[in-house]
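Peer 1: There's a structure below that I have some questions on.
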Amino acid sequence: MTATTRRFAYASLPLLLGLALGALWGGGGHPATAALPPAIDGQALPSLAPMLERVTPAVVNIASKTHVAVRNPYFDDPIFRRFFGVPNMPRERVQQSLGSGVVVDAAKGYILTNNHVVDGADDISVTLSDGRTLKAKVLGTDPDTDLAVLQIPAEKLTALPIADSSALRMGDFVVAVGDPFGIGQSASTGIVSGLGRSGLRGTGYQNFIQTDASINPGNSGGPLVNLRGELVGINSMIYTPSGGSVGIGFAIPSNLASDVMRQLVTTGQVKRGVLGVEAQDLTPELARVLALDGMHGAVVTRVRANSPAETAGLRAGDVIVSLNGKNVGSAQDLHNIEGLTAPGAAVAVGVQRDGKLITISTALKPTELVVLAGDALDPRLAGVTFSELADDVRRQGVSGVSVSRIARNSPAYAAGLRNGDVIVALNRRDLSGPSDFSRLLASRPRQLMLTLLRGDEAYYLLLQ
């Protein structure tokens, strides 16, 4: 049976952990950071309660509402609407979702959660452990790492300290906290089952902490903490053949989450390092053609102009087998390592060329996406910011521009345009990118009919 990934959050683990913790805390090693409860039958037992009493006030419940367009093949056609006098108003239904989050800056009200918890939401409410419910503002989202930063206007918040996730080891005890099924705060215990996990379908850049804690709906975005009550990860997904937990859960490391949060808070976007090549997997068939039998890696199919790869001398036909000492077994591996390496960082590229293994040194270039202000393009697009599509979107064969920001009081928002929408055509003319979009708008068309991609759906939106 094919395994699939699902994003939820954490729940329970066997009671045997108590015995393991007893040996850990009561065996003469380092002193426990939490006081032990009274002895039972002469045997002192450990408890996570003192630590959780410090952690749970920082864990929040997140409820979001998203207005989802309801498609109709007739009403989506502007000619049909005009002929029958159907008003140009968005037809929508409200989709609600629940998740968790964690306060990481009490003074500024910053909350870390998953992007999929708030993706496309029009209304986000955060409920604190003391019962207060507040409206949240989205400071930024990063779908590629499934992270989002919210801000709430509240006082007397409790924030979790952030630990160095690179210090985690397989076998370390961890605790996951969240609000599964909306029943209230719950905690579960487990261990770190693995580190640096990648290659999972349906996600962007991957460097997951694997844990054996079970995951349930509503816990997405909640914290994974160590026994000192420090944040080591943000719970994100499970791997399952059936839809239920099989003890394989994944969390985003706190170091990665901290870096993404810093960029989102300061600039509203995340910049990543780019080598400047397009590549494909080295399949067995391709390896035979290139006389590279037994090799694994990513075959360079194109080197972009003015890129670090061009400057360093990489060329089409090279097989990249490693990047900064990390093995590259596929084009996805290369993309993943690139995206998790800081812009400007020096890297060593292991290349198989003409039967020889060579190392090429270069530095990754920050991603620079073209940004267009809607106000300068057309008055009907005032309040909208458009951007060039990211590499991972273009690799899926999509071309056009994306909506990176949109004001709620803008005409385009009232017509149904939303943040994250991808515009693939204007007045039924396909767009290759921002330059096409600007050129077609320069002719001042009487009406704007946008062909949009939103998730897995495509539909028309008419602006007059």
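The values are calculated or read from the model by the stated rules, or taken from the named source; none is laboratory data. Only a predicted model underlies this, so the values are computations on that prediction, with no experimental measurement involved. Virtual Cβ from ideal backbone geometry, glycine too; neighbours counted across all protein chains shown. Calculation scope for accessible area: heavy atoms of the full protein, side chains included, ligands and nucleic acids excluded. Shrake-Rupley method; radii C 1.70, N 1.55, O 1.52, S 1.80 Å.
Peer 1: So, with a 1.4 angstrom probe, what is the percent of accessible area on the range 127-185 that is carbon and sulfur?
Peer 2: Of all accessible area on the range 127-185, carbon and sulfur atoms account for 54 percent.
Peer 1: Next question. Rounded, prolate or oblate, given the Cα gyration tensor of the range 386-464, with a/c below 1.5 counting as rounded?
Peer 2: It is oblate, given that a/c is not under 1.5 and a/b is not larger than b/c.
Peer 1: Output the direction-averaged projected area (hull surface divided by four) of the convex hull of the alpha-carbon atoms of the range 302-404, in nm².
Peer 2: About 7.8 nm², averaged over all directions.
Peer 1: Another one. I need the phi-derived Karplus couplings for the range 315-330: 6.51 cos²θ - 1.76 cosθ + 1.60, θ = phi - 60°, integer Hz, Gly and Pro marked x.
Peer 2: Per-residue couplings from phi come out as 9, 4, x, 5, 10, 7, 10, 7, 9, 6, x, 9, 5, 10, x, 7 Hz.
Peer 1: Right, another one. Is the range 224-340 rounded, prolate or oblate when judged by the Cα gyration tensor, a ≥ b ≥ c being the square roots of its eigenvalues, rounded requiring a/c under 1.5 and prolate requiring a/b larger than b/c?
Peer 2: Verdict is oblate for the range 224-340.
Peer 1: Ordered by residue, what ³J(HN,Hα) values in Hz, to whole numbers, does the range 142-155 give under the Karplus form 6.51 cos²θ - 1.76 cosθ + 1.60, where θ = phi - 60° and Gly and Pro are x?
Peer 2: 9, x, 5, 10, 6, 10, 8, 10, 10, 9, 10, x, 10, 9
Peer 1: Before I look further, what does the range 378-464 give for accessible area per residue, probe 1.4 Å, in whole square angstrom?
Peer 2: Accessible area per residue: 48 Å².
Peer 1: Beyond 27 Å between alpha-carbons counts as too far, so tell me which of Lys135/Lys365; Lys65/Lys108; Lys135/Lys156; Lys137/Lys271; Lys326/Lys356 fall in that bin.
Peer 2: Violating the 27 Å limit, Cα to Cα: Lys135/Lys365.
Peer 1: State in Å² the accessible area per residue of the range 231-348; use a 1.4 Å probe, count heavy atoms of protein chains only, and round to the nearest integer.
Peer 2: Heavy-atom SASA per residue in the range 231-348 reads 42 Å².
Peer 1: How much of Ser125 can a 1.4 Å solvent probe reach, expressed as accessible area in Å² and rounded to 10?
Peer 2: Rounded to the nearest 10, that gives 20 Å².
Peer 1: Right, here's the next one. Using a 1.4 angstrom probe on heavy atoms only, work out the carbon and sulfur share of the accessible area of the range 197-354 in %. Write down the numbers at each step before the final one.
Peer 2: Working: 3010 of 6300 Å².
Answer for the range 197-354 is 48 percent, counting heavy atoms of protein chains only.
Peer 1: At most 14 other Cβ atoms within 10 Å and a DSSP loop assignment: could you name the trypsin sites (Lys or Arg not before Pro) in the range 357-464 that fit?
Peer 2: Within the range 357-464, the qualifying trypsin sites (Lys or Arg not before Pro) (loop, at most 14 other Cβ atoms within 10 Å) are Arg395, Arg408, Arg428, Arg446.
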